[in-house]
1. Can you put L139, L249, L160, L254 in order of Cβ neighbours within 10 angstrom, beginning with the fewest?
2. Calculated FRET efficiency, L187 and W247, Cβ-Cβ r, R0 22 Å, to nearest 0.05?
3. Which loop trypsin sites (Lys or Arg not before Pro) in the range 213-258, with loop taken from DSSP, have no more than 10 other Cβ atoms within 10 angstrom of their Cβ?
4. Whole-Hz ³J(HN,Hα) for each residue in the range 175-180, computed from phi via Karplus 6.51 cos²θ - 1.76 cosθ + 1.60 with θ = phi - 60°, x for glycine and proline: what do you get?
5. In whole Hz, what ³J(HN,Hα) sequence does the range 197-203 give by Karplus (6.51, -1.76, 1.60; θ = phi - 60°), x for Gly and Pro?
6. Could you tell me the center-to-center distance, by alpha carbons, between the range 48-103 and the range 203-223 in angstrom?
7. Relative contact order of the range 2-266, please, whole-number percent, based on alpha carbon pairs below 8 angstrom and at least 6 residues apart.
8. Testing the spin-label approximation: label points 7 Å from Cα along Cα→Cβ at L236 and W214. State their distance in nm.
Amino acid sequence: MQQLEIIAFVTSLVSLQIAVVLYIWGFISATLGKRPSDNNASRFAMPVLLLSWLALTITLIAHAIQAGHIPATDMFEFSMSFGWGILTVILVFRWWHKNDMISAAGALVTLAMLVYAFTLPVQHQPLPPALSQTWLLNLHVSCAIIAYGLFALGFVCGVLYLTRRRFAAPIVPAPQILDRLGYRSALAGFCFMTIVIVVGSAWAEIAWGSYWSWDPKETAALVTWLIYGGYLIMRLALKWRDSPSAWFLVIGFLAVLVTFFGNYFFGGLHSYAAT
């Protein structure tokens, strides 16, 4: 099983790199004026991206079987899960919107996460006592994975929007499409992040005897939630659109990364976990 996990993870990582290269090749061809019908690079990138997702799914399942729990109790496990969440959201939205640029940007973010996971030690340890409430762990982590994936999609849309405003390119979606997609992903991510915080509070009361301890990771998650809540208020009440909205999506994802990597800097009660 461990050998299967290693092979699947390497397959996912290599496939993701190939997909990114194919996307870049396809975009260069499009920029040089090559006809879309002759552009096989982008056409092949999508199946390779699906292969990467499938291999990463197998990796997570194999790791979970060996560890005996959902892979999200240390930085290696949640880095893989984070990457899987981003890739899943990107593929779903690619199915809806049929745009290669969003898929390519999302694949690049996922690649960065998996490369980071590759540098971390692999462990298969039983759950610590504080994580003994398995159903709460599964719900808390699953919602976090989905929320982070949606926020990553919003980040991609924000970056592409700001890029297109300065450097117009036909391969980048229209600004209004990026603005609308970024808003929808942030709204959905905010809903899942709300569940993460509520379930996490219930879990904290069972594990630590308090619903809220102002643990650094709890606080970082709350700040992230407030940033995206502020973004939604600005959109709905003040009708913010265009560049200010895109910058909010970029800043919000930076807060997500602070929440994710907070273990390294803040310590606290979440020092054993990644969510």
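1. L254, L139, L160, L249
2. The formula returns an efficiency of 0.80 here.
3. Counting only loop positions with at most 10 other Cβ atoms within 10 Å, the trypsin sites (Lys or Arg not before Pro) in the range 213-258 are K239.
4. x, 5, 5, 5, 5, 5
5. 5, 5, 5, x, 5, 5, 5
6. Going from one Cα centre to the other spans 27 Å.
7. Relative contact order, the range 2-266: 17 percent.
8. Inter-label distance under the simple model: 2.9 nm.
The numbers here are math on the coordinates, done by the rules we state, and not lab data. Since this is a predicted model, take the numbers as computed values, not measurements. Counting neighbours? That spans all protein chains shown, and the Cβs are built from the backbone with ideal geometry, glycine included.
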